Every structure is written in structure tokens, then in C-alpha cells.
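Scroll down for the structure; my scribbles are underneath it.
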Amino acid sequence: MAYAAITCLMRTIHQSMELAGCDFQPFYEKLECLRAILEKPCKTTDDLEASTSLEAEITDIVEAPPFGLELLAIS
């Protein structure tokens, strides 16, 4: 479900960049990274280490600019 939401958002951002000439490339690239993480094969077992690693990867991407700056502005 998260994969579909990210893909839909990427499509919307891409269209906005084409039609309006907005520069959302940094956000688009972050979403590509998040989608790549979701594409990695994962075990369906209760592997705490794998879950922690996945959480760390996502956190690193989201906390780095430009998302990090946006999250601070929302808080």
C-alpha cells in the first residue's frame, strides 16, 4: 500500500514539474529512494534486526533535506 502511495505521489510530482515547471526534483529523488527500499525483498518472519534496519534506512532518507526541513516547518 505504501508503494502504491509513493508511486502515485511521484507521478503527480512528475506531472507538476512538466506542466508548471516547478522544481520538485529533490522531493522526487527522495521518493525514488523510499520506493527502492520498499522494492527490496524482505522476509516475512519476525526479524527484529531486519525491521530495525528498514526503519533506519527510511528515517535517514526522511530526515535528510529537503524532507527534514519540511518536517521542521510543519512541527
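The values are calculated or read from the model by the stated rules, or taken from the named source; none is laboratory data. Since we're looking at a predicted model, the values are computed, not measured. Cβ coordinates were reconstructed from backbone atoms using ideal geometry, including for glycine residues, and neighbour counts include every protein chain displayed.
Observations on the model:
- Within the stretch 23-45, the presence of at least one residue that is in a helix (DSSP H, G or I), farther than 12 Å from Ile6 by Cβ, at pLDDT 65 or above and in contact with a Pro (Cβ under 9 Å, 6 or more places away or on another chain) is confirmed.
- Taken residue by residue, the stretch 56-72 has at least one member that is out of contact with any strand residue (DSSP E or B) (no Cβ under 7 Å at 6 or more places or on another chain), modelled with pLDDT under 75 and small (Gly, Ala, Ser).
- Counted residues, the stretch 5-37 - those being of a type in the set (Val, Ile, Thr) and within 24 Å of Glu55 (Cα to Cα): 3
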